[in-house]
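First comes the structure, then the notes that go with it.
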Amino acid sequence: MAGGALTETGRTLGKGFAHRLRAEPFSTGICGSVHSHSSPGSRVKLGGQPGGRAGLAAEVPPPVGSREGLDARAGIMALWRAYQRALTVHPWKVQVLTAGSLMGLGDIISQQLVERRGLREHQTGRTLTMVSVGCGFVGPVVGGWYRVLDRLVPGTTKVDALKKMLLDQGGFAPCFLGCFLPLVGALNGLSAQDNWAKLRRDYPDALITNYYLWPAVQLANFYLVPLHYRLAVVQCVAVLWNSYLSWKAHRL
């Protein structure tokens, strides 16, 4: 009888101890704190708390690349804010410099990706010529045209945007291309006769290619974009177009 009672008492104590382990799996008893490691990349730390219990705190590092992504985004936003401030203070200068920079970028793309000249065969003088054309011709002419166009059609409705696009593509674009191609030819040293022959050869194809791209772009530009941003938006879209124009203007 005494042995049976002791056995029953032992079972009861064992069940109670097991129940306590399930309820408090991280009790520390003597040490007050226990450090346990889980899967790689995360750490579980048990800190002592009043009453001998341990607090569970999981330290999981942020996803790889998240900080780099945030830093890149912050840098881009800082550059955009600086551009906006400069555009507000010096709108005309910034638009002209933007046009020149993107014309130069278009020529670099043309030489490296379209013509595949390589760095050793890259014509730096040609790139500087396109930068000059962008700053001295494209930026002032296109920027000035947008101001005139906004005065001719001052509204911002869809119908007004459509009117601006028709005026831009029906009147301005043919004249612009007719001036741009011979200007680059003259800067490249072509004679008047050769320049005229080149214009007659390249102008129709350039104008048709223009109509594949620009009507839709300009319709969205006139409807959605404020006046002082239009030249920048056009020039960003025009990086590929500038590459085409540079290739076309320098093709002999």
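Looking only at residues in region 197-222 that are β-branched (Val, Ile, Thr) and modelled with pLDDT under 90, which one is farthest from SER246 (Cα to Cα)? The selected residue is VAL217. For region 193-211, residues that are surrounded by 15 or more Cβ atoms within 10 Å (Cβ to Cβ) and more than 33 Å from the chain's Cα centre (by Cα) total 3. Quick check on my filter: what residues within region 59-76 are of a type in the set (D, E, K, R) and modelled with pLDDT under 80? Scanning region 59-76 gives GLU59, ARG67, GLU68, ASP71.
Residue by residue, here is whether (1) among the aliphatic types (A, V, I, L, M); (2) surrounded by 15 or more Cβ atoms within 10 Å (Cβ to Cβ); (3) over 27 Å from the mean Cα position of the chain (by Cα); (4) not in a helix (DSSP H, G or I) holds:
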| site | (1), (2), (3), (4) |
| --- | --- |
| ARG116 | no, no, no, yes |
| ARG120 | no, no, yes, yes |
| GLY125 | no, no, yes, no |
| VAL131 | yes, yes, no, no |
| GLY134 | no, yes, no, no |
| GLY139 | no, yes, no, no |
| VAL142 | yes, yes, no, no |
| LEU149 | yes, yes, yes, no |
| PRO154 | no, no, yes, yes |
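Residues considered: LEU79, LEU97. Of these, the only one that is over 15 Å from SER243 (Cβ atoms) and at pLDDT 90 or above is LEU97. Would you pick out the residues in region 163-182 that are in contact (Cβ under 8 Å) with a residue 40 or more places away in the chain and either of a type in the set (S, T, N, Q) or surrounded by 15 or more Cβ atoms within 10 Å (Cβ to Cβ) (or both)? Result: LYS164, MET165, ASP168, GLN169, ALA173, PHE180, LEU181. Just one of the numbered conditions (1) within 17 Å of TRP247 (Cα to Cα); (2) free of Cβ contacts under 8 Å to residues at least 60 places away in the same chain; (3) among the charged types (D, E, K, R) is not true of ARG126: (2).
For region 183-192, a tally of residues being touching a residue at least 12 places away in the same chain (Cβ under 8 Å), surrounded by fewer than 19 Cβ atoms within 10 Å (Cβ to Cβ) and assigned to a helix (DSSP H, G or I) returns 2. Of all positions in region 228-236, at least one carries a residue that is among the charged types (D, E, K, R) and closer than 22 Å to VAL131 by Cβ.
The number of residues in region 105-129 being in contact with a Ser or Thr (Cβ under 8 Å, 6 or more places away or on another chain) and at pLDDT 90 or above comes to 1.
The values are calculated or read from the model by the stated rules, or taken from the named source; none is laboratory data. Source: prediction; values computed, not measured. Cβ atoms come from the backbone with ideal geometry, glycine included; neighbour counts cover every protein chain shown.
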